[in-house]
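To start, the structure itself, in structure tokens.
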């Protein structure tokens, strides 16, 4: 049976430190605040919003949830974000994506003030992982994966990491972050030939393809570390990831569960970014 890489163990240390940092900010009159902007009522977005609110409340971060109708035009969303950019009491802005099709997502993302762009939505902030800079923010999910690997002392230098997925918010930036730790990275996607064979050669597999239980037994070999980024709701209401956990568990050395893995650390990384932003903006 594989070792479970549990979010609660990672979050234990992180949240304790964040509570202290948040309290110190409040002592000098700074009250960290995150604003979320959600357009529409996607079940996934609503669920993530609830998780964010709970995590931030536990740490002491104020959250302002802005919810707009599904048919809201681009200019209206931009104006909401401009208002948040100008609000000195707001230190971080999170935009739920993808946005409805009538909205110009790139324009909206790029309007977020880089100093408040805690999930690296805009082009300025999103460039940080590619430039090897740590003075901005990385996408929270990618940062959560790296935090799990660090916490469990998974060797990155010299290791072969296979990243399944090439999205701008997970696959691509995460690959750059792994490269910065001297891992050898293979990025795979839906057009990759011989995908199971490539995965079997990896020391670390990071699954971020968005397909429930896509990675079955033939993708794995003994000794691997598997990070499952996917979150899906099955017909019976239970949750699963991109990895067929039952198939991987008897083979690999370590694996993140779903739920209780990457998703739970992602909200903590978001809280950490908000506190960092509040510190920088009020220094």
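We did not get these values from a lab; they are worked out from the coordinates using the rules stated. These numbers come from a predicted model, not from an experiment.
Numbers below:
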{"read-out": "Three-way shape call for region 16-174 based on the alpha-carbon gyration tensor, with the a/c threshold at 1.5", "value": "oblate"}
{"read-out": "Acute angle (nearest 10 degrees) that the helix 140-151 long axis makes with the longest principal axis of the chain, alpha-carbon atoms", "value": "50 degrees"}
{"read-out": "Value of Rg/Rh across region 203-274 [Cα atoms, Kirkwood radius]", "value": "1.00"}
{"read-out": "Alpha-carbon gyration tensor eigenvalues x 5, square-rooted, for region 140-262, Å", "value": "20, 16, 15"}
{"read-out": "DSSP beta bridge pairing in region 205-281, given as percent antiparallel to the nearest 5", "value": "25 percent"}
{"read-out": "Using alpha-carbon coordinates, inclination of helix 7-27 to the longest axis of the chain, degrees", "value": "20 degrees"}
{"read-out": "Mean Cα-pair separation over length for region 62-143, i.e. relative contact order, pairs under 8 Å, 6 or more apart, %", "value": "24 percent"}
{"read-out": "Percent RCO, i.e. relative contact order, over the chain, from Cα pairs under 8 Å lying at least 6 residues apart", "value": "22 percent"}
{"read-out": "Structure-based [θ]222 nm, the chain - -39500 (n - 2.57) summed over DSSP H runs of at least 4, per residue, nearest 500", "value": "-12500 deg cm²/dmol"}
{"read-out": "Crossing angle, helix 43-59 versus the chain [Cα axis fit, 0-90 degrees, rounded to tens]", "value": "70 degrees"}
{"read-out": "Percent breakdown of C-alpha pair distances by 10 Å bin, ordered from the shortest bin, for the chain", "value": "7, 28, 35, 23, 7, 0"}
{"read-out": "Candidates 272, 224, 201, ranked by Gaussian network fluctuation over the chain, Cα under 10 Å, top entry", "value": "201"}
{"read-out": "Region 29-119: equivalent-ellipsoid semi-axes (sqrt of 5 x gyration tensor eigenvalues, Cα, Å)", "value": "21, 16, 9"}
{"read-out": "Gaussian network model of the chain, Cα within-10 Å springs - most flexible of 18, 131, 95", "value": "131"}
